[in-house]
Every structure is written in structure tokens, then in C-alpha cells.
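Asker: Have a look at this one before I ask anything.
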Amino acid sequence: MNGQKNCSIQCTIKECAHNMQSENYCTLDVISIGTHEPNPTKAECTDCKSFVMKSSY
Ligand code: SF4
């Protein structure tokens, strides 16, 4: 992870290793979005597939 925010991707998931903690942005150049639903109908049906749990050292 390069630690620089991607101004095009706002994200508040601070539990993700790719999240910039000081600001609500992702640090990846590109992310992958998917769904866990067979027929997605609302925002809650979508998931960030690039999520990686932050290690708790
Ligand atoms: S990878 Fe996904 S969940 Fe993680 S900070 Fe980026 S947009 Fe948010």
C-alpha cells in the first residue's frame, strides 16, 4: 500500500488496511466492487471486494 489517498474513491471503512485513517479515502489506484446478492437492488447489496482486514498487531 502506498499510503496516498485516491481522491476518486471516498471510503469510511477504517477497518480496511487500504483505508486512509486520517481522511475518508481509499489508498488503492483501483478497487473491485461486487455483490453477495443474486439480484442486487440497493446499495446495501454491494461490497468492496478489495477490502482487506487491517492487521491488529
Ligand atoms: S479497499 Fe475498499 S473497503 Fe478498503 S479502503 Fe478501499 S474502498 Fe474502502
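Asker: For the stretch 5-23, check the following and say yes or no: at least one residue is near the ligand (Cβ under 8 Å from one of its atoms), open to solvent by less than 70 Å² (accessible area, probe 1.4 Å), outside any loop (DSSP other than H, G, I, E, B) and of a type in the set (A, V, I, L, M).
Answerer: yes
Let's see how each residue does on (1) surrounded by 11 or more Cβ atoms within 10 Å (Cβ to Cβ); (2) touching a His at 6+ places or on another chain (Cβ under 8 Å); (3) part of a loop (DSSP other than H, G, I, E, B):
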position	(1), (2), (3)
Gly3	no, no, yes
Gly34	yes, no, no
Thr41	no, no, yes
Asp47	yes, yes, no
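Asker: So which residues in the stretch 9-56 are among the small types (Gly, Ala, Ser) and under 12 Å from the mean Cα position of the chain (by Cα)?
Answerer: Across the stretch 9-56, the qualifying residues are Ala17, Ser32, Gly34, Ser50.
Asker: Just to verify a result, which residue in the stretch 24-57, among those that are in contact (Cβ under 8 Å) with a residue 24 or more places away in the chain and farther than 11 Å from Gly3 by Cα, is farthest from the ligand (Cβ to nearest atom)?
Answerer: The residue in question is Ser55.
The values are calculated or read from the model by the stated rules, or taken from the named source; none is laboratory data. For clarity, every value in this text was computed on a predicted model and none was experimentally measured. All Cβ positions, glycine included, derive from the backbone under ideal geometry; neighbour counts span all protein chains shown. Surface accessibility is based on the protein's heavy atoms, side chains included, excluding ligands, DNA and RNA. Shrake-Rupley method; radii C 1.70, N 1.55, O 1.52, S 1.80 Å.
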